[in-house]
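The values are calculated or read from the model by the stated rules, or taken from the named source; none is laboratory data. Predicted, not measured: the structure shown is a model, and the values here were computed from it. All Cβ positions, glycine included, derive from the backbone under ideal geometry; neighbour counts span all protein chains shown.
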Amino acid sequence: MKNLLIYTIGLLLLISCEKEYSVEGTGSANNTATGTLQDSSGNCKNIIVNGIYKEATPLNNTNYIVANVNFTTNGYYKIYSDTVNGIWFYAEGYAFAPGIKQITLNGYGTPFLAVDANFKLRFGNSICVFKVVYNGGVVVQNANNDYFPTSTLSNWTYDNSGINDTVIINVLSSNRTIDGNNYRQFNLFIPKLNARDTLFYRKDGTGNYYRYFPIGSGPKAEFAFLKDYASVGTSWDSPVVVGQLSGNPTNVKYKFTILAKDISSTINGKLIDSIITVREETQYLESGNYNTKNTFVYSYAKKIGLVDINQLNALPPIATPIRRWQIY
């Protein structure tokens, strides 16, 4: 019974046209710097965008960005963005020692249109997103205003109507690698049951948030539970795995749909803004069609994370609103 409750609460709390820039060139395979644009929590660092960007005006030496890069080994490096609206950013050089360094990437090309645009900055396996504001000056972009903070010691407390008790979540200091992906570890604690579990999350810096968790009655797998850039009405599926339905093996998946964006809501007496609401349906294959057996609605707030959960198919429906939070 305790394991079932842990599983159930864990489930409740799971909570441009683009052109690739060539990176062939200097440096040998044995002397290439490694590192990341993100910190140990998976957060992108601030990116400073400098210069005035105007339609049909070629970029010059005043158009550049400054990125914080955490080098883990020395060697030659190449850091680059994609090409959006006719412009891109690029830097290469040599990192003489490991550590965090500010790298300036010069801008190239000519803007086609006078519109703001989002760029993906790449180094190694890491990606961070920044925006160029046209006709704007220097902009410091804080990349940590995401919808699912994963910084060490951050913690959240929820009230769960299904067990009439609180559920406490906190971020551990250590990471765990599963199937080649680096996950942040979240500790889940249910005081009433004196029960604990570990949940695994990661994000890619481009607005995709992933968890490693059982899919329905099937095995654990990675899937995106939130896409903060997706518009209202956008849907996507998790991988399909084999689970059990009424004692028989069958395919099962999650289906996610963005229900609302940038809304405000009063939750447990607190007015919270910048909320994205996502519906999660557990769907099983029956007679050639996927049918929904469980439905959850999750709400995520910028700079806070998960702020509310509602299990709609439960009788009565189970609510898990946030009571308090502390983000580090």
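Taken as a whole, the structure leaves SER217 outside the set of residues that are of a type in the set (S, T, N, Q), closer than 25 Å to THR295 by Cα and within 18 Å of the chain's Cα centre (by Cα). Filtering the stretch 32-42 to residues that are at negative phi and in a loop (DSSP other than H, G, I, E, B) leaves ALA33, LEU37, ASP39, SER40, SER41.
Conditions tested, residue by residue: (1) in a strand (DSSP E or B); (2) at pLDDT 95 or above.
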| position | (1), (2) |
| --- | --- |
| TYR201 | yes, yes |
| THR206 | no, no |
| TYR212 | yes, yes |
| PRO249 | yes, yes |
| VAL252 | yes, yes |
| PHE256 | yes, yes |
| THR266 | yes, no |
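With respect to VAL241, determine if the residue is hydrophobic (A, V, I, L, M, F, W, C), surrounded by fewer than 16 Cβ atoms within 10 Å (Cβ to Cβ) and either under 29 Å from THR292 (Cβ atoms) or in contact with a His (Cβ under 6 Å, 6 or more places away or on another chain) (or both). For VAL241, the condition - hydrophobic (A, V, I, L, M, F, W, C), surrounded by fewer than 16 Cβ atoms within 10 Å (Cβ to Cβ) and either under 29 Å from THR292 (Cβ atoms) or in contact with a His (Cβ under 6 Å, 6 or more places away or on another chain) (or both) - is not met.
Going through the stretch 214-227 one residue at a time, which ones are part of a strand (DSSP E or B) and among the aliphatic types (A, V, I, L, M)? Correct list: ALA221, ALA224, LEU226.
Conditions tested, residue by residue: (1) over 16 Å from TYR328 (Cβ atoms); (2) among the polar types (S, T, N, Q); (3) at pLDDT 90 or above.
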{"residue": "ASP146", "(1), (2), (3)": "no, no, no"}
{"residue": "THR150", "(1), (2), (3)": "no, yes, yes"}
{"residue": "SER154", "(1), (2), (3)": "no, yes, yes"}
{"residue": "ASN160", "(1), (2), (3)": "yes, yes, yes"}
{"residue": "VAL167", "(1), (2), (3)": "yes, no, yes"}
{"residue": "LEU172", "(1), (2), (3)": "no, no, yes"}
{"residue": "GLY180", "(1), (2), (3)": "yes, no, no"}
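A single member of VAL307, VAL278 is among the β-branched types (Val, Ile, Thr), at pLDDT 95 or above, crowded, with 17+ Cβ neighbours inside 10 Å and within 30 Å of VAL242 (Cβ to Cβ), and it is VAL278.
Checked against (1) at pLDDT 60 or above; (2) outside the structural domain of THR110 (by TED's automatic domain parsing); (3) not charged (D, E, K, R), TYR7 passes all but a single condition, namely (1). The single residue among ASP116, ASP82 that is acidic (Asp, Glu) and modelled with pLDDT of 90 or more turns out to be ASP82.
Residues in the stretch 43-63: is at least one of a type in the set (Lys, Arg), modelled with pLDDT of 50 or more and not in a loop (DSSP other than H, G, I, E, B)? There is no residue in the stretch 43-63 that is of a type in the set (Lys, Arg), modelled with pLDDT of 50 or more and not in a loop (DSSP other than H, G, I, E, B).
Here LYS78 does not qualify as in a strand (DSSP E or B) and surrounded by fewer than 19 Cβ atoms within 10 Å (Cβ to Cβ). The single condition from (1) within 19 Å of the chain's Cα centre (by Cα); (2) in a strand (DSSP E or B); (3) of a type outside the set (S, T, N, Q); (4) not assigned by TED's automatic domain parsing to the domain that holds GLY93 that LEU121 fails is (4). All of (1) buried (at least 17 other Cβ atoms within 10 Å of the Cβ); (2) over 19 Å from GLY124 (Cα atoms); (3) in contact with a Phe, Trp or Tyr (Cβ under 6 Å, 6 or more places away or on another chain) hold for ARG202 with one exception: (2). Scanning the stretch 291-304 for residues that are of a type outside the set (A, V, I, L, M) and either buried (at least 18 other Cβ atoms within 10 Å of the Cβ) or more than 22 Å from PRO239 (Cβ to Cβ) (or both) yields PHE296, TYR298, SER299, TYR300, LYS302, LYS303. Could you go through the stretch 173-193 and let me know if any residue there is assigned to a strand (DSSP E or B) and within 30 Å of ASN248 (Cα to Cα). Taking every residue of the stretch 173-193 in turn, at least one turns out to be assigned to a strand (DSSP E or B) and within 30 Å of ASN248 (Cα to Cα).
Just one of the listed residues (THR177, THR150) is buried (at least 17 other Cβ atoms within 10 Å of the Cβ), out of contact with any Leu (no Cβ under 7 Å at 6 or more places or on another chain) and polar (S, T, N, Q), namely THR150.
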